[in-house]
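Enquirer: Next up is a structure, given as structure tokens.
The values are calculated or read from the model by the stated rules, or taken from the named source; none is laboratory data. As the structure is a prediction and not an experimental result, all values here were calculated from the model. Counting neighbours? That spans all protein chains shown, and the Cβs are built from the backbone with ideal geometry, glycine included. With ligands, DNA and RNA removed, areas are computed over all heavy atoms of the protein, side chains included. Shrake-Rupley method; radii C 1.70, N 1.55, O 1.52, S 1.80 Å.
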Amino acid sequence: MATMPVTNKKKLGKDTAVQGTNDSSVVSKVSAAAQGYFQDVYLQHFVCKVARRAPLINRGYYVRWRAVDHCVRRFLEITAHCSKRQILSLGAGFDSLYFRLHSNGVLTSAIVFEVDFPDVARRKSALINSNNILREMLDSDGQSPQEPLYLSSSQFRLLGVDVRALSQMEKALESSGFEWKAPTLILSEVVLTYMETKWSDAVIRWTADHLPQSVFLLYEQIHPSDPFGQIMQDHFRKLNSTLYAVQQYPDVEAQRRRFLENSWEQCGCLDMNSFYFGLVPEVEKLKIENLEPFDEYEEWNQKCSHYFILTASQGSLAAHEILSQPVSPLATTGLSFSPIPLPVRTVPVHTEGLGMGSVSLGPNVILLTGGSSKGGREARTGLLLKNKNNWKFIKVASEDLGVRLYHAVSAIPGQAAIVLGGRTSPLNPVKSICKLTMDPCCTLDLDSQDDDIIFKVEEVVCGGKPSGPRWRHTMTLLRHQGKDYLFVFGGKNGSLEVLGDVSFMDLNQNLWTEVAIEGAAPEARFSHSACPYQGGVVIFGGLSRRGLPLGDTTLLKPTDSGFSWEQLDITPPPAARYSHSAHVIGDKLLVVGGVWLHSHVPGLAVIDLKTQSSMEYRLDTTTVPWPLMLHSFCSELTDSKKELLLIGGGGNCFSFGTHLNPQPVIVDLRPIGSLVE
């Protein structure tokens, strides 16, 4: 049996920091409950003041609450016939589980035991005793609470014991009426991971040895090594709350093995994307997704891929399924990976920002517009210039384009560009269309200064039926039957609808016009890619109305009367993704970065549009000195077509802070020999 580690000042400081995570967590749970993500009127009594968190954090705490609630209620269902059952909550903090379940009338013949640090138990006991609503939900069981038992009623016992001190916890539970042979649910929400694994493994093994009829319910982090995982770990290290288990048990399979090797009979484990898309009913998802304006899909899916819910069981409870294993909505099996990675190197120019637009205006001249940086959303324009191997970023003197994120930019003849759509907030799409034209007197070289380059900005007024305001859409320049068109597809609008409509702007007349398209159109989507190809367009990926990444490839092909849609059957299929970028070289579509429902960042897919085959290439980012997040970024091919320049990108990583790629990076395409021959 494990004993308590030696007390020292460093450990006490760390323990205090871990206790602080409880205070932050309960505030976030209260925020989610207040916005209607779940029903819990008791949480608010455990905070001094209700604070509203960002929608992303509300969603994150909703899916955590929903997964734990799903498993707790399943345990109570399958033990409903038992004369006595127990819930043992380890590191319970200011959780309101007992009060919520008691008010719902589902604790018949059940007792909830909570164990946490003595300081936390003391504070919680004082809060409960000073609150009439909470105090009245505890009857008297005739016991006089005495440390380590801080509160005692017929269905609730609150103990102040360090969970690592197993002999002390065993003694405290014994003296407070805990019955070792009764069916028991052991609950641990982001608790064990703060312990060194020798202690957390000891807890897992101890519960298996002492509770023959039991279920262990665990919610923690996984995937420490990818960019999001690195930022997540760094956040907790700064809080002096290192995540230990995530290193030794980095994925769901390792977590499963951990429990099976520590004497548990059965174990199931799901990351939160699998739980949300597999076990939450569609009606409930629709309700949740309509509670608040939301446009942080990349961070939402990444957060869910880095947390898991696990249930392990033994005894008669092993015959019951607590956490069913849904079919994964998107698997990465069957992908064809090249053994050759593509080297990535940094460019020593500062160009951070997410949701920017980019377009090449000429040899080694890249226009950047809009976006958001750590300073907030910006109304900015700039140029990236290259001379030999040197790059420079120059701010452009221009009339104000206004704040725009997730807009579309397309080059048009005459060193000019059209900027369409974008948003300032999820409820405020930008309605104006702007044309930027560079002053022909400007000289573009690395000696140019910010004041040397001037762009004229004019609003474009178009006739015809306009393409509605939108963001996360695409806009592609086409030349068809002697006319130049801008082809606009997909995106989201101010009503937060996912769009699947098509619009054509006749650039010669500044006119929205109807163009006939035959065939079945691709489904509605946003954050997809669209590239010019053989007089038409090739569309790939994006996020569907259901919130699932797409992996389909569709051609818009020119015909005598207009265009026609053609769905390509790519074998093997490329990885479904969104918030990526794409380019065409010859008959090859290059798809780079993006987000899927799995942990690591997708690399670069090469899709052969002639043979309808694909190959995935991993990116070698070992020389990049920061976590490279490849979503909400933009990219341009260099003039040689042998390199791909990736600019900006990053995001607000759940509650871990904002991370933006500070510099562009270059992906070397030369290992893909067929592209550059």
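Enquirer: How many of the residues in the range 180-193 are open to solvent by 20 Å² or more (accessible area, probe 1.4 Å) and either hydroxyl-bearing (Ser, Thr, Tyr) or in a strand (DSSP E or B) (or both)?
Expert: Looking only at that region, the number is 1.
Enquirer: Name, by its number, the condition in (1) free of Cβ contacts under 8 Å to residues at least 40 places away in the same chain; (2) open to solvent by 40 Å² or more (accessible area, probe 1.4 Å) that does not hold for ASP608.
Expert: Every listed condition holds for ASP608 apart from (2).
Enquirer: If you go through the range 444-461 one residue at a time, do you hit one that is surrounded by 14 or more Cβ atoms within 10 Å (Cβ to Cβ), assigned to a loop (DSSP other than H, G, I, E, B) and among the acidic types (Asp, Glu)?
Expert: no
Enquirer: I've got another one for you. How many residues are buried (at least 22 other Cβ atoms within 10 Å of the Cβ) and within 13 Å of GLU220 (Cα to Cα) when one looks only at the range 66-82?
Expert: Matching residues across the range 66-82 total 1.
Enquirer: Filter the range 481-512 down to residues that are β-branched (Val, Ile, Thr) and at pLDDT below 95, then give me how many there are.
Expert: 0
Enquirer: For the range 485-542, give me each residue that is open to solvent by 30 Å² or more (accessible area, probe 1.4 Å), assigned to a strand (DSSP E or B) and among the hydrophobic types (A, V, I, L, M, F, W, C).
Expert: Listed by number, the residues that qualify are VAL502, LEU511, ALA516, ILE517.
Enquirer: Checking SER674 against (1) crowded, with 21+ Cβ neighbours inside 10 Å; (2) more than 27 Å from SER274 (Cβ to Cβ); (3) out of contact with any Ser or Thr (no Cβ under 9 Å at 6 or more places or on another chain): exactly one of these is not met. Which one?
Expert: (1)
Enquirer: Do we find a residue being touching a Phe, Trp or Tyr at 6+ places or on another chain (Cβ under 8 Å), at pLDDT 95 or above and in a helix (DSSP H, G or I) anywhere in the range 46-56?
Expert: yes
Enquirer: Of the residues in the range 585-619, how many are assigned to a loop (DSSP other than H, G, I, E, B) and at negative phi?
Expert: 13
Enquirer: Restricting attention to the range 365-377, report how many residues are surrounded by 19 or more Cβ atoms within 10 Å (Cβ to Cβ) and part of a loop (DSSP other than H, G, I, E, B).
Expert: 2
Enquirer: In the range 640-677, what residues are at positive phi and in a loop (DSSP other than H, G, I, E, B)?
Expert: Those that are at positive phi and in a loop (DSSP other than H, G, I, E, B): LYS641, GLY649, PHE654, GLY657.
Enquirer: How many residues are assigned to a loop (DSSP other than H, G, I, E, B) and either surrounded by fewer than 24 Cβ atoms within 10 Å (Cβ to Cβ) or basic (Lys, Arg) (or both) if we restrict to the range 620-634?
Expert: Number satisfying all stated conditions: 8.
Enquirer: Would you mind finding the one in GLY177, GLY160 that is under 20 Å from GLY93 (Cβ atoms) and not hydrophobic (A, V, I, L, M, F, W, C)?
Expert: On the way: GLY177 fails: under 20 Å from GLY93 (Cβ atoms).
That would be GLY160, the only listed residue that is under 20 Å from GLY93 (Cβ atoms) and not hydrophobic (A, V, I, L, M, F, W, C).
Enquirer: Give the residue that is nearest to the chain's Cα centre (by Cα), with candidates limited to residues of the range 201-222 that are surrounded by fewer than 21 Cβ atoms within 10 Å (Cβ to Cβ) and among the aliphatic types (A, V, I, L, M).
Expert: The qualifying residue nearest to the chain's Cα centre (by Cα) is ALA202.
Enquirer: Determine whether LEU568 is open to solvent by less than 10 Å² (accessible area, probe 1.4 Å) and of a type in the set (A, V, I, L, M).
Expert: Judged against the criteria, LEU568 is not a match.
Enquirer: Out of all the residues in the range 422-437, which are of a type in the set (Gly, Ala, Ser) and either closer than 11 Å to VAL403 by Cα or buried (at least 22 other Cβ atoms within 10 Å of the Cβ) (or both)? Walk me through how you get there before you give the answer.
Expert: Just the residues of the range 422-437 that are of a type in the set (Gly, Ala, Ser), to begin with: 422, 425, 432.
If the condition is that a residue be of a type in the set (Gly, Ala, Ser) and either closer than 11 Å to VAL403 by Cα or buried (at least 22 other Cβ atoms within 10 Å of the Cβ) (or both), then GLY422, SER425 are the ones that fit.
Enquirer: Right, something else. For residues that are open to solvent by 30 Å² or more (accessible area, probe 1.4 Å) and not hydroxyl-bearing (Ser, Thr, Tyr), tally how many sit in the range 638-656.
Expert: Selection size over the range 638-656: 4.
Enquirer: Further question: With touching a His at 6+ places or on another chain (Cβ under 7 Å), of a type outside the set (S, T, N, Q) and either open to solvent by less than 10 Å² (accessible area, probe 1.4 Å) or at negative phi (or both) as the only criterion, which of LEU342, LEU279, LEU270, LEU291 stands out?
Expert: Residue meeting the stated conditions: LEU279.
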